[in-house]
Amino acid sequence: MHSILIQEDIRGRNPVEHLAIRLVDKMASGPEANSHKTEGEWELFFNRLDLTNLASDKIVYGKKMFRLVKQFFVLTTSE
């Protein structure tokens, strides 16, 4: 069994906030970046890759108007 730690951004509910983060992400990572999903979307993505989430935690930066949520996942493989 192998474990990995992944940190990803969680998409917020505020559409302006989401658009601003996506624009910055496109400039930094390019249009093919696979990021800023909801927590549930990340879980589905990991499941499709046959990864199991052992634990997760999040850190929230910012206030009500503009927030950035960093989610940490500890994932394991069956190999």
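The values are calculated or read from the model by the stated rules, or taken from the named source; none is laboratory data. Model, not experiment: these values are computed from the prediction. Glycine gets a Cβ as well: all are built from the backbone with ideal geometry, and neighbour counts include every protein chain shown.
Among the residues of the stretch 37-59, the ones that are β-branched (Val, Ile, Thr) and within 25 Å of Ile21 (Cα to Cα) come to 2 in all. Listed by first and then second residue, the pairs linking a residue in the stretch 48-77 that is assigned to a loop (DSSP other than H, G, I, E, B) to a residue that is among the aliphatic types (A, V, I, L, M), with Cβ atoms under 6 Å apart and 6 or more places separating them unless they lie on different chains, are Leu51/Leu75. Take the conditions (1) part of a strand (DSSP E or B); (2) at pLDDT below 75; Arg13 misses just one of them, which is (1). If only residues of the stretch 39-79 that are surrounded by 14 or more Cβ atoms within 10 Å (Cβ to Cβ) and among the aromatic types (Phe, Trp, Tyr) are counted, the one that is nearest to Asp25 (Cα to Cα) is Trp42.
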